[in-house]
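Asks: One structure, as structure tokens, below. Some questions next.
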Amino acid sequence: MEIKELIKDFEKKQYGFFDSASIQVCEWNKQALRTNAKKHCYKQDFYGADTLSCHQIAPTTFWCNNSCVFCWRPKEYMGSKPSVKAKPKEMIENLIEKRKKLLQGFYGSQKASVVDKALKQKHWALSLSGEPTLYKQLPELIRELKERKGTETVFLVTNGQNPKMLLQLKDKKSLPTQLYVSMQGPNEVLYKKITCNQERAGWKKYLQTLAMLPLLGTRTVIRITVIKGMNDSKETIREFAEMLSATKPDFVEIKSYMWIGFSRKRLVKENMPTHKEIKQFTKKLLKNLKNYGLENEKKDSRIVLLKNKKSKYKTKIINR
């Protein structure tokens, strides 16, 4: 499928585009609008990142060097060599305008003051679609975001396949407020089975990224997506604990795979753990992970947060 066709398809799903960079108003964003910010996503509960004004963007919507089986996106269309021409500042300004248009309908049903608050840009999440570290101007993009008036937090989610870009972020003083690295399998066989990685020496690159985390100088999070029947065995949990002990992230998020979108073509509903099962997974993990403790949970998101007992960071970046 051509990029133009993909953009048309994604626009029907309420994405806003500039070049092939995109923005979307997620369901939690909408719930915050409908409830005057009383409902919010786990990133606000855990870290204080503002849900109401969250701008979730993707500089490389259709490019990723993984093709994870659990991804709700059309991974079959993904490529690993992006051709994004948009400059960071131009990208940001245009995506802000696209989000404004996506929110216009809320003025008819919600208080104008709430919608106005939602138009502010307190939180930025580079996590919408594709792999953001493939964007060559990512350091400049993150620096632009952090320097914008009103910005409180910038979160970056990566698959860990581009350790050289993370080094660039450090060298150019452009690290995000919080860096997420996805962890789907603690050994090469399971990692490749779940991620369907397209990179030569992909496992080696991933291990390089994990080894870098304690040296970067920013808040780090490992996010484990639990797929029932694939990466939740007793032995796999023990291997996860060993890898986390070596990596030493500040936080660990243990989240249920969600049976949504295109992932329903690759997995079955029974692969989706309940929140109770996520808590059971966590309990088993903590038995092998002595330097971490249970910090928080959010039942409706089927997610549990662990914190490194030796982390220098407060859990909440912003108190709200």
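Where a number appears in this text, it was derived from the coordinates with a stated rule and is not lab data. The structure displayed is predicted, hence computed values, not measured ones. In this analysis, Cβ positions are derived from the backbone assuming ideal geometry, glycine residues included, and neighbour counts consider all displayed protein chains.
Asks: Under Stokes-Einstein, with the Kirkwood radius over Cα pairs standing in for Rh, what whole-number D in µm²/s applies to region 137-273 at 10 °C and 1.306 mPa s?
Replies: Answer from the Stokes-Einstein relation: 99 µm²/s.
Asks: Further question on the same structure: Residue-wise, which Karplus ³J(HN,Hα) couplings in Hz belong to region 263-270, taking 6.51 cos²θ - 1.76 cosθ + 1.60, θ = phi - 60°, and x for glycine or proline?
Replies: Values, residue by residue: 5, 5, 7, 10, 10, 10, 4, 5 Hz.
Asks: Once you have the alpha carbon radius of gyration of region 1-156, what is it after dividing by 2.2 N^0.38 Å, with N set to its residue count?
Replies: In units of the globular-protein estimate, region 1-156 measures up at 1.02.
Asks: If you don't mind, another one. Give me the net charge of Gln121's neighbourhood, meaning all other residues with Cβ under 14 Å from the Cβ of Gln121; Lys, Arg count +1, Asp, Glu -1.
Replies: Charge balance near Gln121 sits at +3.
Asks: What are the radius of gyration and Dmax of region 25-109, computed over its Cα atoms and given in Å?
Replies: Both quantities, over Cα of region 25-109: 15.6, 42 Å.
Asks: Using Cα centres only, tell me the gap between region 1-79 and region 261-320 in whole Å.
Replies: Answer, in whole Å: 21.
Asks: Report the Cα-based extents of the chain along its three principal axes, largest first, to the nearest Å.
Replies: Largest to smallest, the principal-axis extents are 52, 42, 41 Å.
Asks: Of Leu134, Cys54, Pro176, whose Cα points farthest to the positive end of the dipole of region 3-308 (charges on the beta-carbon: +1 Lys, Arg; -1 Asp, Glu; origin at the Cα centre)?
Replies: Cys54
Asks: Let me ask something else. What ³J(HN,Hα) values, in whole Hz, does the Karplus curve 6.51 cos²θ - 1.76 cosθ + 1.60 give for region 220-233 when θ = phi - 60°, with x put for Gly and Pro?
Replies: Using θ = phi - 60°, the values come out as 10, 10, 9, 10, 9, 9, 8, 10, 4, x, 10, 9, 10, 6 Hz.
Asks: Hey, another quick one. Among the lysines, which have Cα under 18 Å from the Cα of Lys81 when same-chain residues fewer than 8 positions away are ignored?
Replies: Lys4, Lys136, Lys164, Lys205
Asks: A follow-up question, please. Can you tell me the alpha carbon radius of gyration of region 239-320 divided by the globular rule-of-thumb value 2.2 N^0.38 Å?
Replies: Output field value: 1.22.
Asks: Among Gln121, Gln56, Gln168, which one shows the highest mean-square fluctuation when the chain is modelled as a Gaussian network with alpha-carbon springs under 10 Å?
Replies: Greatest mean-square fluctuation among the candidates belongs to Gln168.
Asks: While we're looking at this one, here's another question. With a sphere of radius 15 Å drawn around the Cβ of Arg200, what net charge do the other residues whose Cβ falls strictly inside it have (Lys, Arg +1; Asp, Glu -1)?
Replies: That sum, taken over residues with Cβ under 15 Å, equals +3.
Asks: Pairing rule first: another cysteine's C-beta must sit under 4.7 Å. Under that rule, which cysteines of the chain stay single?
Replies: By the Cβ distance rule, which asks for a partner under 4.7 Å, the isolated cysteines are Cys26, Cys41, Cys54, Cys64, Cys196.
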